[in-house]
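K.L.:
Below is a structure I'd like to ask you about.
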Amino acid sequence: MRNFARWLLIVGFVAAAGPSLAQQVDFFKIEMSGLEHCADLDNFKFNARNNVDMWVRIIDDQEWDFALSPLFLEADTIPMIGHTYVTSSKKFAFTGAQFIGTTGFLAVDATAQVDKNALVSKISGTFIQDTGADDPNSPPACISAGKFKSTERTLVNP
């Protein structure tokens with residue numbers, strides 16, 4: 001019964017945001033910081049000064065897309081499949097993961113804040129990724145972990 005009430009709250013929250021989301025698509029530029037460890041012992045810290053630009057687009061309560069470009073081109077986008085749950089009246093959380101290639105993966109645990117119009121205003125969270133290089137001719141395998149936060153929100157009318 002407790003799970004049923006939780007699902008009703010999530011469905012109600014997503015339904016309330018539905019009309020707004022149907023009119024506008026929003027995505028966020030994010031800044032990532034953390035530490036990368038590579039198989040060749042080339043380890044380094046990264047932050048806003050030396051990280052790779054990334055963008056996040058919230059598709060629905062089960063998919064967030066992470067991309068290397070605000071155009072969200074298929075070749076540069078990782079669709080994260082996961083679960084959304086409400087944490088308060090103005091916040092919800094998303095936990096998701098996706099395998100990349102045959103041995104790599106990306107996993108995130110994120111929090112999204114919602115404004116008075118039921119639109120996501122900012123996001124933040126933690127991540128862990130493994131490049132999973134299994135080709136001897138490719139760069140060495142690296143694993144990185146850290147935090148991310150949105151720095152810019154873009155609203156686009158479809």
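K.L.:
Contact list please: Cβ distance under 6 Å, first residue in region 69-89 and under 24 Å from VAL52 (Cα atoms), second residue among the hydrophobic types (A, V, I, L, M, F, W, C) and surrounded by fewer than 16 Cβ atoms within 10 Å (Cβ to Cβ), pairs at least six apart or on different chains.
P.N.:
The qualifying pairs are ASP76/LEU68.
K.L.:
Ok, one more. Which number in (1) in contact with a helix residue (DSSP H, G or I) (Cβ under 8 Å, 6 or more places away or on another chain); (2) of a type in the set (A, V, I, L, M); (3) closer than 22 Å to ASN47 by Cα marks the one condition that ALA112 misses?
P.N.:
For ALA112, the exception is condition (1).
K.L.:
Could you tell me which numbered condition LEU41 fails, if it satisfies all but one of (1) loosely packed, with under 13 Cβ neighbours inside 10 Å; (2) under 10 Å from the mean Cα position of the chain (by Cα)?
P.N.:
(2)
K.L.:
Just to be sure, is PHE94 crowded, with 16+ Cβ neighbours inside 10 Å, in contact with a His (Cβ under 9 Å, 6 or more places away or on another chain) and modelled with pLDDT of 90 or more? Show your work before the answer.
P.N.:
Numbers: crowded, with 16+ Cβ neighbours inside 10 Å: yes; in contact with a His (Cβ under 9 Å, 6 or more places away or on another chain): yes; modelled with pLDDT of 90 or more: yes.
So PHE94 passes the test.
K.L.:
Taking the options GLY132, GLY146, GLY104, name whichever one is surrounded by 16 or more Cβ atoms within 10 Å (Cβ to Cβ) and either within 13 Å of the chain's Cα centre (by Cα) or closer than 17 Å to ASP26 by Cα (or both). Quick ask: steps written out before the conclusion?
P.N.:
Details: GLY132 fails: either within 13 Å of the chain's Cα centre (by Cα) or closer than 17 Å to ASP26 by Cα (or both); GLY104 fails: either within 13 Å of the chain's Cα centre (by Cα) or closer than 17 Å to ASP26 by Cα (or both).
Selected residue: GLY146, the only one of GLY132, GLY146, GLY104 that is surrounded by 16 or more Cβ atoms within 10 Å (Cβ to Cβ) and either within 13 Å of the chain's Cα centre (by Cα) or closer than 17 Å to ASP26 by Cα (or both).
K.L.:
Also, I was wondering about something else. Of all residues in region 74-84, which are farther than 18 Å from LYS122 by Cβ and either modelled with pLDDT of 95 or more or touching a strand residue (DSSP E or B) at 6+ places or on another chain (Cβ under 7 Å) (or both)? Walk me through it before giving the result.
P.N.:
Step one: filter region 74-84 for residues farther than 18 Å from LYS122 by Cβ, giving 74-79, 81-83.
Answer for region 74-84, where residues must be farther than 18 Å from LYS122 by Cβ and either modelled with pLDDT of 95 or more or touching a strand residue (DSSP E or B) at 6+ places or on another chain (Cβ under 7 Å) (or both): ASP76, THR77, ILE78, PRO79, ILE81, GLY82, HIS83.
K.L.:
If you scan region 32-50, which residues turn out to be outside any strand (DSSP E or B) and either of a type in the set (Asp, Glu) or within 16 Å of LEU106 (Cα to Cα) (or both)? Explain how you work it out, then say what you get.
P.N.:
Of the residues in region 32-50, the ones outside any strand (DSSP E or B) are 39-43, 47-50.
If the condition is that a residue be outside any strand (DSSP E or B) and either of a type in the set (Asp, Glu) or within 16 Å of LEU106 (Cα to Cα) (or both), then ASP40, ASP42 are the ones that fit.
K.L.:
Please find, within region 1-26, the residue that is modelled with the lowest pLDDT out of those that are in contact with a strand residue (DSSP E or B) (Cβ under 8 Å, 6 or more places away or on another chain) and more than 24 Å from ASP76 (Cβ to Cβ).
P.N.:
Checked region 1-26; the qualifying residue modelled with the lowest pLDDT is LEU9.
K.L.:
So, in region 44-80, how many residues would count as being among the aliphatic types (A, V, I, L, M) and surrounded by fewer than 13 Cβ atoms within 10 Å (Cβ to Cβ)?
P.N.:
The first filter runs over region 44-80 and keeps only residues among the aliphatic types (A, V, I, L, M), leaving 48, 52, 54, 56, 58-59, 67-68, 71, 73, 75, 78, 80.
Subsequent filtering for residues that are surrounded by fewer than 13 Cβ atoms within 10 Å (Cβ to Cβ) retains 48, 52, 71, 73, 75.
Here the count works out to 5.
K.L.:
Further, regarding this structure: Condition first: part of a strand (DSSP E or B) and either at pLDDT below 95 or touching a Lys or Arg at 6+ places or on another chain (Cβ under 7 Å) (or both). Now tell me which residues in region 126-149 satisfy that. Before you say what the answer is, go through the steps one by one.
P.N.:
Here is the first cut: in region 126-149, the ones part of a strand (DSSP E or B) are 126-130, 142-149.
Of everything in region 126-149, those that are part of a strand (DSSP E or B) and either at pLDDT below 95 or touching a Lys or Arg at 6+ places or on another chain (Cβ under 7 Å) (or both) turn out to be THR126, GLN129, ASP130, CYS142, ILE143, SER144.
K.L.:
Looking only at region 109-136, which residues are among the hydrophobic types (A, V, I, L, M, F, W, C) and over 23 Å from ALA39 (Cβ atoms)? Talk me through it step by step, then tell me what you get.
P.N.:
Step one: of region 109-136, the residues among the hydrophobic types (A, V, I, L, M, F, W, C) are 110, 112, 114, 118-120, 123, 127-128, 133.
Residues satisfying the conditions are ALA110, ALA112, VAL114, ALA118, LEU119, VAL120, ILE123.
K.L.:
While we're here: Among the candidates LYS29, LYS116, single out the residue that is at pLDDT below 95 and either of a type in the set (D, E, K, R) or under 20 Å from SER144 (Cβ atoms) (or both).
P.N.:
Values: LYS29 fails: at pLDDT below 95.
Matching residue, one of LYS29, LYS116: LYS116.
The values are calculated or read from the model by the stated rules, or taken from the named source; none is laboratory data. This is a predicted model, so every value here is computed, not measured. Note: ideal-geometry Cβ built from the backbone for every residue, glycine included; neighbour counts use all protein chains shown.
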